[in-house]
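The values are calculated or read from the model by the stated rules, or taken from the named source; none is laboratory data. For clarity, every value in this text was computed on a predicted model and none was experimentally measured. Note that each Cβ is placed from the backbone with ideal geometry, even for glycine, and that neighbours are counted across all protein chains shown.
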């Protein structure tokens, strides 16, 4: 049933081929849309700032932050975004967004680590910048450093410093950064005009992940990501790029435009986790002190050390860690479906390794439970599986995330594949505890019984309430697997299987799994008439 369009231009396809990530175009069309889903519209219109990428009169890419008071971003419909704000005359993108020009935008909420991207065409400018949306898609929270924002009134904005290279103070700012934003562009006919234009993207890592060489070249590690390769694909077609570094405590913006070269095999680089290295030659720098009224701070006081009180092997490859407070005090509450951010000190890693894992236990339990799939190249997952045992401590931050049970009484269809079961299991626990009559279907796909985690736990929960139902699929059952007991059907979970449950037109479908699965199922559900607003997705990838 699924029939995705190809959302990528030739540069992105070439980057995907060189990175050997498979046929991304066959499934990514279900994520990269020509409009904003209502969830994205609500997200953008609640933001205090936007990251914006565009080109100057010479076609050089620049990136900036556009801020405004509450409500300065509006979305009249799914194809439109309007921004009631003007860029300062010292901003490199001031007066560049004439009608017909391309713009890339990134909405990012640092406190919750959510982000969504859109690319479009300017339809009008002036006091209001109006955008016709051509592409819209979400990104995972990986590598986003959490920060809370506040405002400081701006009076006299200092004069910007313009130069052709980074000075010592600017190099120090870059070398200390854990976050920056990048802008690239691609233009040219390839049959997919929606994939042409500017793109804005986030990059994050441990403090110092960007290296500045003696001659002023920037070395930017490229980590495992969503496999789209929008930025690197653009650079293969046009090596020009823009960067902006933010001094979060002062509102300072350091804009850079330059040219990039991709090192596809960065052997012996400063970052062993880099899959590729982007080498940037600086062409121009615009340093703008106190450019923003927004300020951000890291809430390091929210960190809490938790102790591993149990470690359980759930299946081949998946291990659960039960966590409690070191001093015996109560843990912060969480909603079923949310994740727990953790910081790990892994031997051989220069800085902490930050990861987020869905909480898989009951929200009313006295302990947290995270369940981790061991990935072949996963730094964190291998460390947890091999080196973290009962009695060890882990640095955590409060639970977060908005992939939660919709707050109404409509039926729920909880759908997962593999380790995507973890937030769904927490939702099943919550549904059983509430004791309502709300129909809930738990649908899960695994390869076989050996790789099927939490089967008995799910069965106990389903048996506890008449409104809870189970449907388990094995794609390659073993001779020891018993149909009707450990699983219900042979094959893979598809939209037809979900529609056949007859959950009704008001049902909410919550999906968690790899992106190619989510893309296919979501597209097929929509084609079957399910409203976009009733399909909620949470992707995972083999970051480890």
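A few points about this structure:
- Considering the conditions (1) modelled with pLDDT of 95 or more; (2) surrounded by 14 or more Cβ atoms within 10 Å (Cβ to Cβ); (3) touching a strand residue (DSSP E or B) at 6+ places or on another chain (Cβ under 7 Å), residue 491 is excluded by exactly one of them, (2).
- Entirely in region 139-225, the strands (runs of 3 or more DSSP E) that have 2 or more residues that are within 30 Å of residue 39 (Cβ to Cβ): 148-151, 179-186, 197-204
- Screening residue 401 with (1) in contact with a helix residue (DSSP H, G or I) (Cβ under 9 Å, 6 or more places away or on another chain); (2) crowded, with 18+ Cβ neighbours inside 10 Å; (3) closer than 26 Å to residue 449 by Cα; (4) at pLDDT below 95 gives one miss only, at (3).
- Applying the criterion of being in contact (Cβ under 8 Å) with a residue 60 or more places away in the chain and over 19 Å from residue 241 (Cβ atoms) to the residues of region 81-108, the residue that is surrounded by the most Cβ atoms within 10 Å (Cβ to Cβ) is 107.
- All positions within region 315-324 that are more than 13 Å from residue 357 (Cβ to Cβ) and either in contact with a strand residue (DSSP E or B) (Cβ under 6 Å, 6 or more places away or on another chain) or buried (at least 17 other Cβ atoms within 10 Å of the Cβ) (or both): 315, 317, 324
- Residues in region 495-526 that are in a loop (DSSP other than H, G, I, E, B), without any contact (Cβ under 8 Å) to a residue 40 or more places away in the chain and over 15 Å from residue 406 (Cβ atoms): 500, 502.
- Filtered residue count, region 434-448, keeping only those that are over 28 Å from the mean Cα position of the chain (by Cα) and at pLDDT 95 or above: 3
- Any hit, region 371-384, residues being under 24 Å from residue 428 (Cα atoms) and under 19 Å from the mean Cα position of the chain (by Cα): yes
- Test: residue in region 433-448 that is touching a residue at least 12 places away in the same chain (Cβ under 8 Å) and either part of a helix (DSSP H, G or I) or assigned by TED's automatic domain parsing to the domain that holds residue 321 (or both): yes
- From the options 414, 428, residue that is farther than 20 Å from residue 499 by Cβ and in contact with a helix residue (DSSP H, G or I) (Cβ under 6 Å, 6 or more places away or on another chain): 428
- Checklist (1) modelled with pLDDT under 95; (2) touching a strand residue (DSSP E or B) at 6+ places or on another chain (Cβ under 7 Å); (3) not in a strand (DSSP E or B) applied to residue 90, failing item: (1)
- Meets criteria (surrounded by 19 or more Cβ atoms within 10 Å (Cβ to Cβ), in the same structural domain as residue 274 (by TED's automatic domain parsing) and either under 20 Å from the mean Cα position of the chain (by Cα) or part of a loop (DSSP other than H, G, I, E, B) (or both)) for residue 66: no
- Search result, residues across region 8-33 that are in contact with a helix residue (DSSP H, G or I) (Cβ under 6 Å, 6 or more places away or on another chain) and either more than 22 Å from residue 225 (Cβ to Cβ) or part of a loop (DSSP other than H, G, I, E, B) (or both): 8, 9, 24, 30, 31
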